[in-house]
Amino acid sequence: MYNQSDLKRSIAKVSVGTIEKNYLCYRDKLPGGTKVVPVIKADGYGHGAVVIAKRLSSLGADFFAVSNIEEAEELRSAGIEGEILILGFTPAECAERLYKGDITQALVDEDYARALADTGIKVKCHFALDTGMRRIGLNADFPEACERVIREYAGKLNLTGLFTHLCVADTDTEECVAFTKGQIAKFRAVADRVSDLKLPFVHCANSAAGLFHGEGHIARLGIILYGLKPDYLNTLPEEIKPALTWESYIAMVKTIGPGDTVGYGRTFKADREIRVATVPTGYADGYRRELSNRFYVLVNGKRANIIGRVCMDQFMIDVTGIDVKPGDTVTLIGTNGSETITADDMAEAIGTIGYEIVCGISKRVPRIYG
Ligand SMILES: *Cc1c(COP(=O)(O)O)cnc(C)c1O
């Protein structure tokens, strides 16, 4: 029937070649000379940070962004060179580790800059500016105050950059476009005041801003690197493709009769005789429970609906009329025959974003690189 040992219960296949193509395509769409900074936080949005950093380094990428010190150190341990920027908070007690790893730290506010400077270690830093997201950074509504703080700590720390984060760059309503333009203007106003410092890295674009607002110079490329959309409503260039395929297989197939129910809570009731298959992937793998009775998978080129609740390690699908047998591949995300499911499709079905889907594929699912 099938070779037991060849079966991978639940596996994520990552096409590093696709990530490479997405990177090059994105870079080509931006004004010439734009530096593209791959954002590979959360283990490269679940795709594998080290593998991606190695490949993109070989294409000339020499600046990566991550979310925390463990992620930065993982890259250094793997031999990744160039700039590594931590986009979020790191306790000032880690100053020595940051310095030793030649890691660049985001400065989230003045108190934090002081704490880091007080360690006496000249950590490499970029000041974050808050232009409207209200997450981290000096409040750019007060450019004079920003200038004062930036000048003070430019000397006390090894300040090499400034950045801000845009919160609606993926949305093209008039209001959002105006807000984004306002954020960029606030950012520039502060950057201009300290232009004499000649900071080498002044950056405000995420994936969406680079592509949709032509925000050149330096763009932090996150979600589009992986072939997914910042917002479900976005249209990406055709050459950009999802890099991750998620597969499981059919464990068993059976017939159930009218009135039979499926799974915990008996949330699905058959109204006729149907064929049901069980798939050995569940919410412990990151296959979201909200997909219960609401989404579908692909088997032998056909869509099969999820019936009943997704369990921790398994779920059931309706395969009536589809020729399936144990061992057949079940595509959770990816292409099967002429059908494709993207992480964005899955996200839309349950009211979230593709980011959360791919980051949520758990450690239990091995990543296989091709
Ligand atoms: C995550 C993140 C990015 C990347 O955003 P995408 O929408 O994935 O391109 C860029 N900048 C900052 C500060 C981030 O936190």
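Does A209 count as in a strand (DSSP E or B), within 30 Å of N158 (Cβ to Cβ) and open to solvent by less than 10 Å² (accessible area, probe 1.4 Å)? Considered against the rule, which asks whether it is in a strand (DSSP E or B), within 30 Å of N158 (Cβ to Cβ) and open to solvent by less than 10 Å² (accessible area, probe 1.4 Å), A209 comes out as no. Restricting T173, T180 to residues that are modelled with pLDDT of 95 or more and surrounded by 16 or more Cβ atoms within 10 Å (Cβ to Cβ) narrows the list to T180.
The criterion of being open to solvent by 20 Å² or more (accessible area, probe 1.4 Å), over 20 Å from C359 (Cα atoms) and not β-branched (V, I, T) holds for G337. If the condition is being open to solvent by 10 Å² or more (accessible area, probe 1.4 Å) and not in a loop (DSSP other than H, G, I, E, B), then segment 91-103 contributes A92, E93, C94, E96, R97, Y99, K100. Within segment 257-274, the only residue that satisfies the criterion of being more than 17 Å from V310 (Cβ to Cβ) and surrounded by 19 or more Cβ atoms within 10 Å (Cβ to Cβ) is I274. Would you mind stating whether G32 is more than 15 Å from the ligand (Cβ to nearest atom) and closer than 16 Å to L244 by Cβ? So G32 does not fit the description; no.
Scanning segment 183-200 for residues that are under 26 Å from I40 (Cα atoms) and open to solvent by less than 30 Å² (accessible area, probe 1.4 Å) gives Q183, I184, F187, A191, L199. Applying the condition of being modelled with pLDDT under 95 and in a helix (DSSP H, G or I) to segment 28-69 and asking which residue is surrounded by the fewest Cβ atoms within 10 Å (Cβ to Cβ) yields D28. Taking each residue of segment 161-177 that is among the polar types (S, T, N, Q) and looking for partners that are part of a strand (DSSP E or B) and open to solvent by less than 40 Å² (accessible area, probe 1.4 Å) with beta-carbon atoms closer than 9 Å, six or more apart or interchain, yields T164/A128; T164/L129; T164/D130; T164/H203. Looking only at residues of segment 118-154 that are within 23 Å of F63 (Cβ to Cβ) and in a strand (DSSP E or B), we find that the one that is nearest to the ligand (Cβ to nearest atom) is A128.
E215 meets each of the listed conditions (1) at pLDDT 95 or above; (2) within 13 Å of the ligand (Cβ to nearest atom); (3) charged (D, E, K, R) apart from (1). Restricting G79, G88 to those that are modelled with pLDDT of 95 or more, within 24 Å of the chain's Cα centre (by Cα), open to solvent by less than 30 Å² (accessible area, probe 1.4 Å) and among the small types (G, A, S) reduces the list to G88. Restricting L162, L157 to residues that are within 25 Å of the chain's Cα centre (by Cα) and either away from the ligand (no atom under 16 Å from the Cβ) or surrounded by 20 or more Cβ atoms within 10 Å (Cβ to Cβ) (or both) narrows the list to L162.
The values are calculated or read from the model by the stated rules, or taken from the named source; none is laboratory data. Treat the numbers as computed from the prediction; the structure is a model and nothing was measured. Every residue, glycine among them, receives a Cβ derived from its backbone with ideal geometry; neighbour counts consider all protein chains shown. With ligands, DNA and RNA removed, areas are computed over all heavy atoms of the protein, side chains included. Shrake-Rupley method; radii C 1.70, N 1.55, O 1.52, S 1.80 Å.
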